[in-house]
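Structure first, then comments.
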Amino acid sequence: MKKILIIFIFLSCSQKKSNIHIVEKEDFLILLNKDVQLIDVRTPNEYSNGFIANAENINFKSESFLSQISKLDKSKPVLLYCSAGGRSAKASNIFDSLGFKEIYDLKGGYLAW
């Protein structure tokens, strides 16, 4: 399933304009004041050690990741972060391939927070 998903993401991203924006902490803070979906894609253990207020934890490494994010509102902006930016970058591509309209990825992740 992961190989199919990677191929799907690659084809989707190569055929359309990306809706992904990598933003600095200052811009992320401004976006948090709007009606957004704030998603922490780290593991539950990482999340339990600290998180951005009001963040929903959806573990990128979980087998239920796709089903969980598919329940989110695609028309509402999504703010993503992980520990340092790697997983949230991959997650951003998945959100984009699923048709989410506005995706904001915190540059440097929670470590930059």
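The residue list Lys61, Lys34 contains one member that is open to solvent by 10 Å² or more (accessible area, probe 1.4 Å) and touching a helix residue (DSSP H, G or I) at 6+ places or on another chain (Cβ under 9 Å), which is Lys61. Residue pairs whose Cβ atoms lie under 6 Å apart, sitting 6 or more positions apart in sequence or on different chains, and linking a residue in region 91-113 that is under 15 Å from Phe65 (Cβ atoms) to a partner that is among the acidic types (Asp, Glu) and not in a helix (DSSP H, G or I), are Ser92/Asp105. Criterion first (open to solvent by 30 Å² or more (accessible area, probe 1.4 Å), more than 17 Å from Val36 (Cβ to Cβ) and free of Cβ contacts under 8 Å to residues at least 60 places away in the same chain) does Lys71 satisfy it? Spelling it out, it is not the case that Lys71 is open to solvent by 30 Å² or more (accessible area, probe 1.4 Å), more than 17 Å from Val36 (Cβ to Cβ) and free of Cβ contacts under 8 Å to residues at least 60 places away in the same chain. With surrounded by 14 or more Cβ atoms within 10 Å (Cβ to Cβ), over 22 Å from Asp35 (Cα atoms) and touching a Phe, Trp or Tyr at 6+ places or on another chain (Cβ under 8 Å) as the only criterion, which of Ser88, Ser83 stands out? Of the residues listed, the single one that is surrounded by 14 or more Cβ atoms within 10 Å (Cβ to Cβ), over 22 Å from Asp35 (Cα atoms) and touching a Phe, Trp or Tyr at 6+ places or on another chain (Cβ under 8 Å) is Ser83. With respect to (1) surrounded by 14 or more Cβ atoms within 10 Å (Cβ to Cβ); (2) on the phi > 0 side of the Ramachandran plot, the lone exception for Gly50 is condition (1).
The values are calculated or read from the model by the stated rules, or taken from the named source; none is laboratory data. Every value quoted in this text rests on a predicted model; they were computed, and no experiment measured them. Because the Cβ atoms are built from the backbone with ideal geometry, glycine has one as well, and the counts that use them run over all protein chains shown. The protein model used for the area step is the full one, side chains on, heavy atoms only, and it has no ligands, DNA or RNA in it. Shrake-Rupley method; radii C 1.70, N 1.55, O 1.52, S 1.80 Å.
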